[in-house]
Amino acid sequence: MRVIQKPGSMWRKAFVSSPETLGNFKSKDAPGYKDMLQCMRCGFCLPTCPTYALTGRERSNPRGRVALARAVAEKKLEFTRGVREEAFFCLDCRACTTACPSGVKAGEIMEVCRSQSHAFYPPGAMGNAFRTFILEKMLVSPERLEKSMIPTRLYQRLGLQWLVRHLGVLKLGPDWMEKAEGMLPPLEKPLRPQLPEMLSARGEKRGRIGFFLGCVMTLIYPHVSRQTVRVLAHQGFDVITPKAAKCCGAPHLSEGDRQTARELALFNLELFLAEDVDAIVTDCAGCGAALKEYEEILEGQADREKLALFRSKVRDVSEFLGEAGLRTEDLREVRKTVTYHEPCHLCHAQGISAQPRELLKAVPGVELREMSEASWCCGSAATWGLKFSEESRQVLDRKLGNVQSTGAEILATANPGCHLQLAWGVNRSGMSQEVLHVMEVLGQAVPD
């Protein structure tokens, strides 16, 4: 048993499976048996699970999913297509881990089972080629990702998007295609090539930080990360943005490609530790959760002291500013009512809940209005919202009802997947809320 300690976190114990074959699992990347044994079947997780709320099925809740994995480990069940289905039907929102008195990580068990599913049920030649292209060719290369967005920007700028939407062409295809196109915000040029290697601190210098710029943030929400860097500099920190940084590995973990996730983790580990920085900061909740799990992902494949040092430095931007203390003396007023949606990979995976709220409340003029079920998933969950588009809409509608009840002018969040899903839902429902990242709200208060 290996214990990972993080003050103020929901993390408790992480069990790493032995290299020997575990029951009916394949030997490589099997989930930890001891982790499964921790489940007492108490049912505290049931009210927190969005898929259980939708289906009412025992197998579609955390307790049921852990029981399936345990049955496979104990050779009472083969790794069936039903087990595979549940591994991918789980949103991995980690709400069950927050609720569990025993610290069972059902979402992480299912995440590992996704890797197993590809071993038991490998995709066909076309499917495997597409998966390899996306996960092993595109997502590992910032340059390729940036070039891949050029056609989409042209699609928007040349009026083709308006024409496609006006004619309703996408209604002829699968639901996920129309939704994916409808979620696209107006695209700018990627931020990574534009950011300086170092942005100097303003005023009295308080430290030096490394900024981890996420793939989705640089491509889809460059204006958000531009504000993040601007705010950090305003707060007295030199901001170093290593241009060579690669994907954090979160998409690969979500899709069951743990080997590529390890390769990316090793690269980022060495890259950021080579920088003389006090902290490694990100404004993407999904990236932060993945970066903080490098200790587990790279167990036995990297120096433990390096892993511990890297882990000790990683912070979500709200967490970092909360620890450092926010300078508010020259902030401008932002007279807006704001409600806050908690990204699952911030509140549940990282245990960060109060800090974004404290930042919002520190902005002069902002009135923070709490919504009901603020930590309930929005239904995005990486590609889950496209694979299960109808179920995703149902989860989202529950969230939007709670947003509407607040009457707030701004819906703030802190993860790009949530941002895309919520903005799409607000627009589709004809709601008036403007969807912004927490750092965009704070950025409005920072003087030029």
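Bear in mind these aren't lab numbers, they're just calculated from the coordinates by the rules spelled out. Treat the numbers as computed from the prediction; the structure is a model and nothing was measured. For neighbour counting, all protein chains shown are included, and Cβ atoms are generated from backbone atoms with ideal geometry for every residue, glycine included.
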### Query
For Thr152, Thr228, what's the fewest-to-most ordering of other Cβ within 10 Å of each Cβ?
Thr152, Thr228
### Query
Roughly speaking, what is the stretch gain from Arg335 to Glu270, that is 0.36 nm per residue apart minus the C-alpha to C-alpha distance, in nm to one decimal?
19.1 nm
### Length gained when the stretch Asn128-Ser429 is fully extended (0.36 nm per residue, less Cα-Cα span)
104.7 nm
### Task
Using amide H atoms built 1.01 Å from N in the peptide plane, name the residues 5+ places from Thr337, or on other chains, whose amide H lies under 5 Å from its own.
Glu367, Glu409, Ile410
#### Entry: Options [x] 22, 48, 22, 7, 0; [y] 21, 45, 26, 7, 2, 0; [z] 25, 60, 15, 0 - which one matches P(r) over Cα pairs in 20 Å bins from 0, in percent as calculated here
[z]
### Ordering of 424-431, 256-263, 96-103 by packing [mean C-beta count within 10 Å, highest first]
256-263, 96-103, 424-431
## Note on the structure
Here the cysteines of the chain without any disulfide-compatible Cβ partner under 4.7 Å are Cys39, Cys42, Cys49, Cys90, Cys100, Cys113, Cys215, Cys247, Cys347, Cys378, Cys418
### Task
Please identify which residues in the range 218-249 have an amide N closer than 18 Å to a label point set 7 Å out from the Cα of Leu184, following the Cα→Cβ vector.
218-223
### Task
Distance between Cα centroids, the range 380-448 to the range 273-351: provide it in whole Å.
21 Å
### Task
Show the residues, 5+ positions off or on another chain, whose built amide H is closer than 5 Å to the amide H of Gly207.
Asp238
#### Entry: Paramagnetic label zone (point 7 Å from Cα along Cα-to-C-beta, Asp303; backbone N under 18 Å) in the range 245-274
265-274
### Query
What ³J(HN,Hα) values, in whole Hz, does the Karplus curve 6.51 cos²θ - 1.76 cosθ + 1.60 give for the range 133-148 when θ = phi - 60°, with x put for Gly and Pro?
4, 5, 7, 9, 10, 7, 5, 8, 10, x, 5, 5, 4, 5, 5, 5
### Query
Of all DSSP beta bridges located in the range 198-324, what percent are antiparallel, nearest 5?
15 percent
### Task
With θ set to phi - 60°, apply the Karplus curve 6.51 cos²θ - 1.76 cosθ + 1.60 along the range 222-233 and write out the HN-Hα couplings as whole Hz, x wherever there is a Gly or Pro.
x, 5, 5, 5, 4, 5, 4, 5, 4, 5, 4, 5
### Query
To the nearest 20 debye, what charge dipole does the range 223-331 have about its Cα centre, counting +1 at the Cβ of each Lys and Arg and -1 at the Cβ of each Asp and Glu?
220 debye
### Task
In a Gaussian network model over the chain where Cα atoms closer than 10 Å are linked, find which of Leu346, Leu167, Leu359 has the largest mean-square fluctuation.
Leu167
#### Entry: Phi to ³J(HN,Hα) by Karplus 6.51 cos²θ - 1.76 cosθ + 1.60 over the range 410-422, Hz, x for Gly, Pro
10, 9, 9, 8, 8, 8, x, x, 5, 4, 4, 5, 5
### Query
Which order results if Tyr121, Tyr294 are arranged by neighbouring Cβ count within 10 Å, fewest first?
Tyr121, Tyr294
### Task
Would you mind checking which residues have amide H under 5 Å from Phe44's amide H? H placed 1.01 Å from N; only 5 or more apart, or other chain.
none
### Task
Just the number, please: percent antiparallel of the DSSP beta bridges in the chain, rounded to the nearest 5.
15 percent
### Task
Go through Ile280, Ala265, Gly168 and say which Cα lies farthest out towards the positive end of the charge dipole of the chain; charges sit on Cβ, +1 for Lys and Arg, -1 for Asp and Glu.
Gly168
### Message
Starting from 0.36 nm per residue, how many nanometres of slack lie between Glu370 and Thr152 once their C-alpha separation is accounted for?
### Response
74.8 nm
### Message
Cut-off is 10 Å between beta-carbons; in what order do Ile220, Ile134 appear when sorted fewest neighbours first?
### Response
Ile134, Ile220
### Task
Compare the Cα positions of Gly365, Leu187, Phe88 along the charge dipole of the chain (+1 at Cβ of Lys, Arg; -1 at Cβ of Asp, Glu; about the Cα centre) and return the one farthest towards the positive end.
Phe88
### Unit charges on C-beta of K, R, D, E only; dipole of the chain, Debye
740 debye
### Query
Which residues in the range 281-299 have a backbone N closer than 15 Å to a point placed 7 Å from the Cα of Glu323 along the Cα-to-Cβ line?
281-283, 288-289, 291-293
### Message
Charges at C-beta only: +1 for Lys and Arg, -1 for Asp and Glu. How large is the resulting dipole of the range 246-404 about its Cα centre, in Debye rounded to 20?
### Response
460 debye
